């Protein structure tokens, strides 16, 4: 026996196991692989979903804001909002399609 009490040897064993796991994670990080097998440059599905929704929603919100401003200062209520909201929707769809194509190409 090494002269250590059982709780100390148990702590040493747990420390060695932790060190080996940390070394493995460090190797994975240096190679760029995530724990689930993806590379560090490849975004997860949830990240892609948020990116797609942000691309779409930002176009619609920008169109609505511009339309509201046009109505407020030009006095064309509600036509500026309607027209620019539709343009924002079209821009959002265009951004969504471009993002989907970019994601499919892998970039």
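Would you mind listing the helices (runs of 4 or more DSSP H) fully within segment 6-107 where at least 2 residues are touching a helix residue (DSSP H, G or I) at 6+ places or on another chain (Cβ under 9 Å) and modelled with pLDDT under 95?
The qualifying helices (runs of 4 or more DSSP H) are 45-74, 79-105.
Tally the residues that are crowded, with 17+ Cβ neighbours inside 10 Å and touching a residue at least 40 places away in the same chain (Cβ under 8 Å), restricting the search to segment 52-94.
Total meeting the criteria: 2.
The values are calculated or read from the model by the stated rules, or taken from the named source; none is laboratory data. These numbers come from a predicted model, not from an experiment. Note that each Cβ is placed from the backbone with ideal geometry, even for glycine, and that neighbours are counted across all protein chains shown.
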